1. Please work out the Cα convex hull volume for region 30-128 and give it in Å³ per residue.
2. Could you do me a favour and compute the accessible area per residue for region 29-128, 1.4 Å probe, result in Å²?
3. Is the shape of region 56-105 best called rounded, prolate or oblate, per the rule: a/c under 1.5 gives rounded, else a/b larger than b/c gives prolate, else oblate, with a ≥ b ≥ c the square roots of the Cα gyration tensor eigenvalues?
4. Return the lysines within reach of K103: Cα separation strictly under 19 angstrom, same-chain partners fewer than 8 residues apart disregarded; answer none if there are no such residues.
5. Give the relative contact order (percent, whole number) for region 73-124; include only Cα pairs under 8 Å separated by 6+ residues.
6. Check the straight Cα-Cα distances from K68 and name the aspartates and glutamates below 13 Å, setting aside those fewer than 8 residues away within the same chain.
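The values are calculated or read from the model by the stated rules, or taken from the named source; none is laboratory data. Nothing here was measured: the structure is a model prediction, and the numbers come from that model. Heavy atoms of the whole protein, side chains included, go into the accessibility calculation; ligands, DNA and RNA do not. Shrake-Rupley method; radii C 1.70, N 1.55, O 1.52, S 1.80 Å.
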Amino acid sequence: KMSYSIRMMRLVSVASAVLALAFFSPSVFAIDADAALSTARQNGCLKCHGVDKEKDGPAYRDIAAKYKGKDHAETVKRLIFHITSGEKAKFPDGHEEEHKIIKTRDVAQQTNLVEWILSLPGGMWPAN
């Protein structure tokens, strides 16, 4: 039988390893790009956002550029709140409108969409 202290040390070691992977890995979350694009289409996101081109809202690549280098976990949380709360969105001409609330309540789909957007290369911020 293992002593209590050895079991606790093993548990702490495993927990530490899991936390290290979660917080220090660039992308622990496996992104499904096809599912993310499908979620964007089904929820009408592409009416206002393009992947590469600005529409009424910024291009997804430009959103990724805006948040590049910022705290990833906070960014994901912030963007999920943005698409689920109806908070105000600012437009280039200065006016504000409530952001459309995404229809899906599935947190995994919401997270996949946000992670996919943040993974897109080649954007610039501020967008032109």
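1. Details: hull volume 9.5 nm³, N = 99.
With only Cα atoms used, region 30-128 gives 96 Å³ per residue.
2. Per-residue value: 62 Å².
3. It comes out oblate by the Cα gyration axes.
4. Here the lysines satisfying the reach criterion relative to K103 are K47, K77, K88.
5. Computed over region 73-124, the figure is 32 percent.
6. By straight Cα distance, K68 reaches E115.
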